[in-house]
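One structure below.
The values are calculated or read from the model by the stated rules, or taken from the named source; none is laboratory data. Values in this document were obtained by computation on a predicted structure and should not be read as measured data. Using ideal geometry, Cβ is built from the backbone for each residue, glycine included, and neighbour counts are taken over all protein chains shown. Side chains are part of the model used for accessible areas, which takes the heavy atoms of the whole protein and leaves out ligands, DNA and RNA. Shrake-Rupley method; radii C 1.70, N 1.55, O 1.52, S 1.80 Å.
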Amino acid sequence: MYKIGIAGAGAMGGRIGVSIKEAGYDVTLIDHWEAHVNRINTYGMDIKTETENYTVDIPAILAQDVTTEFDLIIILTKAMHSEAMLKHLLAAGCIHEDTAIMSMMNGLGHEERLSQIVPLSQIYLAVTMWTAGLRGPGQLLLEGEGTIHLQRADGEMDSHTNSILQILNKAGLNAQISDNVFEAIWSKATLNSVVNPLCTILNKTIHEFGSYPHSAEMVKPIIDEIVAVAQAKSIELNSHDLLQKVEAAYPKETQGLHYPSMHQDYANGRLTEVDYLNGQIAAYGQAANIPTPRNTMLTQMIHQLETKL
Ligand code: NAD
């Protein structure tokens, strides 16, 4: 049976890992957070949903102790910790030449960074609309529904792609193979590049931000820069559709009542993923000679805030 490792088993890694485990697969959670790993191994993963509370028995291991060879490793660290995690797993003998490495993290450029460590043909990219929260070590909050779109990072199909699809769907995670996963990744990254830094800088929920009468004037130029940079990378995005996508997050019935994850990271004294959102757009823009003053400014403002952490 496929041996599956979830590298970075916080909120989202916990959700994906537990779902796959409940579907009967051999899954191990790999993490650096000792209290989390100990609690999961002692009491199981404690789960709260909209309607029930239950516990799932799932093995967890400290990253420093792992030596298992995996067939599939799903990376769900925060983006800035993914390369160190992958290097560590490679050095620990967890990755063989046919191990599939799937990034399900938010943000851009993961395939470029991870392929410095393992061949691009072993890397799969997934973008997910599932969400998850942590209530404490070993305690997940799982609400709502979601989807996953995935593709091998070099665009090729192989038997792993179908196996991963089957695993995720048996786990009820609504997965599909995409023929252009980059569009979905950039589209989600655009939403995150708008609401995450703005709500963090302004200390507002998504609804509070969207209620300001000039919010569209603030958002549109950020999106236009992203669309121009994407186009230079042969990824076709539509500004109008993206503005609609951002505005669809404003109502209280959708995501409006929430602070975005960047706000939560900052509020909890953790570094943010801004370098993989606005910062990555600015870097791609610079490489392609496309000005990105707004994305650059948002990146710098978030880094200014982070200096206070
Ligand atoms: P997370 O903060 O829950 O977990 C990330 C890492 O931080 C894990 O290794 C976790 O164990 C560790 N961690 C968390 N709290 C800690 C604490 N108090 N002390 C010590 N370590 C702690 O992050 P996440 O939300 O699971 O995000 C992982 C990736 O998934 C990111 O790229 C994120 O953007 C993406 N993502 C998250 C969601 C979501 O709803 N959470 C949805 C889609 C994509």
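Return yes when H149 is within 13 Å of the ligand (Cβ to nearest atom), part of a helix (DSSP H, G or I), open to solvent by 50 Å² or more (accessible area, probe 1.4 Å) and closer than 20 Å to I4 by Cβ and no when it is not.
No, not satisfied.
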Response to the item:
Selection from region 209-234 of residues surrounded by fewer than 17 Cβ atoms within 10 Å (Cβ to Cβ) and in contact (Cβ under 8 Å) with a residue 40 or more places away in the chain yields P221, A232, K233
Practice prompt. Go through region 1-100 and tell me which helices (runs of 4 or more DSSP H), entirely inside it, have 1 or more residues that are β-branched (V, I, T), without any contact (Cβ under 8 Å) to a residue 60 or more places away in the chain and open to solvent by less than 30 Å² (accessible area, probe 1.4 Å).
Written response: 34-43
Worksheet entry | Checking L298 against (1) under 27 Å from L76 (Cβ atoms); (2) open to solvent by 70 Å² or more (accessible area, probe 1.4 Å), the condition it does not meet | (2)
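Per-residue answers, yes or no, for (1) closer than 23 Å to E143 by Cα; (2) touching a Cys at 6+ places or on another chain (Cβ under 9 Å):
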{"position": "T205", "(1), (2)": "yes, yes"}
{"position": "Y212", "(1), (2)": "no, no"}
{"position": "M218", "(1), (2)": "no, no"}
{"position": "P221", "(1), (2)": "no, no"}
{"position": "I226", "(1), (2)": "no, no"}
{"position": "S239", "(1), (2)": "no, no"}
{"position": "Q244", "(1), (2)": "no, no"}
{"position": "Y250", "(1), (2)": "yes, no"}
{"position": "E253", "(1), (2)": "yes, no"}
Item to complete: Name the single residue, out of those in region 248-282 being part of a helix (DSSP H, G or I) and hydroxyl-bearing (S, T, Y), that is farthest from E217 (Cα to Cα).
Response: Y266
Practice prompt. Check whether at least one residue in region 124-138 is more than 14 Å from the ligand (Cβ to nearest atom) and either outside the structural domain of Y284 (by TED's automatic domain parsing) or within 20 Å of Y284 (Cβ to Cβ) (or both), and report yes or no.
Written response: yes
Practice prompt. Output the residue which, of all residues in region 272-289 that are among the aliphatic types (A, V, I, L, M) and more than 16 Å from the ligand (Cβ to nearest atom), is nearest to T190 (Cα to Cα).
Written response: A282
Practice prompt. From the list L141, L168, L173, pick out the single residue that is within 15 Å of the ligand (Cβ to nearest atom), open to solvent by 50 Å² or more (accessible area, probe 1.4 Å) and in contact (Cβ under 8 Å) with a residue 60 or more places away in the chain.
Written response: L141
Practice prompt. Considering every residue within region 235-247, establish whether at least one is within 13 Å of the ligand (Cβ to nearest atom), within 19 Å of the chain's Cα centre (by Cα) and either open to solvent by 60 Å² or more (accessible area, probe 1.4 Å) or at pLDDT 95 or above (or both).
Written response: no
